[in-house]
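Novice: Below are the structure tokens for one structure; questions will follow.
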């Protein structure tokens, strides 16, 4: 409603618009979302919305930037150099899934929606590549006695993929953060334990947990 | 080129159009793809393309249907009742990743592109849910002595998520199918082995492979 535009500080109004945009983008997807719908959700006039954010693309980009910053703040404690590499990985998992749980729409927009848009996908893909590299390094530093030939990069790809799928379950309210952290933590190390030399050729995988 | 429309059987021409569509969709994404670009790629006139497939949506849907059927054919051998549940899972992984390796553009279109479009996402999501359920059942049938309280559904979500990420690496030519199958196979069983009773509360994850 245009009538609802009270005199608010610019910063407050910006956050309200971004909140509304994240909400509508996560519900309808980027292409189905109109500036009208976001203006209605934010209880602001459409001209005002365009005044602050020149286009839907620009508004979407602002959403990604804000949510991306929140995400980084959530995982930052993992960078504490006093933690062991294993503690760092676990702290990162807790930060990541805690963020997803607390900001379920953000995860939708920041990740699933943004990856579907060519204009934004490469930025997100690059960030994702850096996360995979970092994960591979943490795994490598921790597994001091890993078998030679262990491909930490590939294990990291698998762990991050598992993490994304589990994050969707967390965002959907189907799994608790603590349980998710334990599962992914176990998967990462057990996955490494499974990489015996020559396993890639000889399929040394019949030792079931029985 | 409109001049290139020789007299071909309808079925052949349809396949050529779908080949061209999959190629262009995978390269440019759904929204950036024009019917002009697909017609050019198929060396056919745009009116002819519209005659066969009434709209870009319809053409995209036809692509998904064809690639989906190919995908099902690839994993069908896993349904052989003479295989043990573990062999079934492994055969499914081989079929799945073999398909991705042989049809790299299909994977892009069928999965990453389709999931980004609201109109198609729910269909793909439903198929994905069924795959997760089936995976959970195979894991449960195989792990005869799994600890009580093991949440097979969540482990299946993680395994499928890891599988999707690994499939992207296979499609990008960064990992061999055989190595990918071994890793995912190991992750699935080791992930189960990691689910000790109470692990969700007590974080029994410090036993690193050292």
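The values are calculated or read from the model by the stated rules, or taken from the named source; none is laboratory data. These figures come from a predicted structure and were not determined experimentally. Because the Cβ atoms are built from the backbone with ideal geometry, glycine has one as well, and the counts that use them run over all protein chains shown.
Novice: Would you be able to say whether some residue in segment A:25-44 is closer than 21 Å to residue A:180 by Cβ and outside the structural domain of residue A:177 (by TED's automatic domain parsing)? Walk me through how you get there before you give the answer.
Specialist: Residues of segment A:25-44 that are closer than 21 Å to residue A:180 by Cβ, as a first pass: A:26.
Add one more test, that the residue is outside the structural domain of residue A:177 (by TED's automatic domain parsing), and what stays is A:26.
Among the residues of segment A:25-44, at least one is closer than 21 Å to residue A:180 by Cβ and outside the structural domain of residue A:177 (by TED's automatic domain parsing), which makes the answer yes.
Novice: For the structure I just gave you, tell me whether residue B:127 is over 13 Å from the mean Cα position of the chain (by Cα) and either within 13 Å of residue B:18 (Cα to Cα) or surrounded by fewer than 22 Cβ atoms within 10 Å (Cβ to Cβ) (or both). Let's see the steps before the verdict.
Specialist: On the way: over 13 Å from the mean Cα position of the chain (by Cα): no; either within 13 Å of residue B:18 (Cα to Cα) or surrounded by fewer than 22 Cβ atoms within 10 Å (Cβ to Cβ) (or both): yes.
No.
Novice: For segment A:142-161, check the following and say yes or no: at least one residue is at pLDDT 90 or above, within 13 Å of the chain's Cα centre (by Cα) and either buried (at least 22 other Cβ atoms within 10 Å of the Cβ) or within 15 Å of residue A:183 (Cα to Cα) (or both).
Specialist: Within segment A:142-161 (the criterion being at pLDDT 90 or above, within 13 Å of the chain's Cα centre (by Cα) and either buried (at least 22 other Cβ atoms within 10 Å of the Cβ) or within 15 Å of residue A:183 (Cα to Cα) (or both)), the answer is yes, since at least one residue qualifies.
Novice: Residue B:133 passes all but one of (1) within 22 Å of residue B:90 (Cβ to Cβ); (2) at pLDDT 90 or above; (3) within 11 Å of chain A (Cβ to nearest Cβ); which number fails?
Specialist: Against the list (1) within 22 Å of residue B:90 (Cβ to Cβ); (2) at pLDDT 90 or above; (3) within 11 Å of chain A (Cβ to nearest Cβ), residue B:133 comes up short only on (3).
Novice: Out of all the residues in segment A:28-56, which are under 26 Å from the mean Cα position of the chain (by Cα) and surrounded by fewer than 15 Cβ atoms within 10 Å (Cβ to Cβ)? Outline the logic, then answer.
Specialist: Narrowing segment A:28-56 to residues under 26 Å from the mean Cα position of the chain (by Cα): A:28-35, A:37-38, A:41-42, A:53, A:55-56.
If the condition is that a residue be under 26 Å from the mean Cα position of the chain (by Cα) and surrounded by fewer than 15 Cβ atoms within 10 Å (Cβ to Cβ), then A:32, A:34, A:55 are the ones that fit.
Novice: Being in contact with a helix residue (DSSP H, G or I) (Cβ under 7 Å, 6 or more places away or on another chain) and without any contact (Cβ under 8 Å) to a residue 24 or more places away in the chain is the filter; apply it to segment A:57-91 and report the residue that is surrounded by the fewest Cβ atoms within 10 Å (Cβ to Cβ).
Specialist: The qualifying residue surrounded by the fewest Cβ atoms within 10 Å (Cβ to Cβ) is A:77.
Novice: Here's a follow-up. Going by the structure shown, is residue A:200 touching a helix residue (DSSP H, G or I) at 6+ places or on another chain (Cβ under 6 Å), part of a helix (DSSP H, G or I), at pLDDT below 80 and within 7 Å of another protein chain (Cβ to nearest Cβ)? I'd like the intermediate steps shown before the answer.
Specialist: Details: touching a helix residue (DSSP H, G or I) at 6+ places or on another chain (Cβ under 6 Å): yes; part of a helix (DSSP H, G or I): yes; at pLDDT below 80: yes; within 7 Å of another protein chain (Cβ to nearest Cβ): yes.
It is true that residue A:200 is touching a helix residue (DSSP H, G or I) at 6+ places or on another chain (Cβ under 6 Å), part of a helix (DSSP H, G or I), at pLDDT below 80 and within 7 Å of another protein chain (Cβ to nearest Cβ).
Novice: Checking the condition facing chain A (nearest Cβ under 8 Å), over 13 Å from the mean Cα position of the chain (by Cα) and modelled with pLDDT of 90 or more, which residue from B:175, B:166 passes?
Specialist: On the way: B:166 fails: over 13 Å from the mean Cα position of the chain (by Cα).
Only one candidate passes the filter, namely B:175.
Novice: A further question on this structure: Whether any residue in segment A:13-21 is under 30 Å from residue B:108 (Cβ atoms) and out of contact with any strand residue (DSSP E or B) (no Cβ under 6 Å at 6 or more places or on another chain) is what I want to check. Steps first, answer last, please.
Specialist: Let us first name the residues in segment A:13-21 that are under 30 Å from residue B:108 (Cβ atoms), namely A:21.
Those still in the list that are out of contact with any strand residue (DSSP E or B) (no Cβ under 6 Å at 6 or more places or on another chain) too: A:21.
Yes, there is a match, as at least one residue in segment A:13-21 is under 30 Å from residue B:108 (Cβ atoms) and out of contact with any strand residue (DSSP E or B) (no Cβ under 6 Å at 6 or more places or on another chain).
Novice: Any idea which of (1) modelled with pLDDT under 95; (2) crowded, with 20+ Cβ neighbours inside 10 Å is the one residue B:17 doesn't satisfy?
Specialist: Unmet condition: (1).
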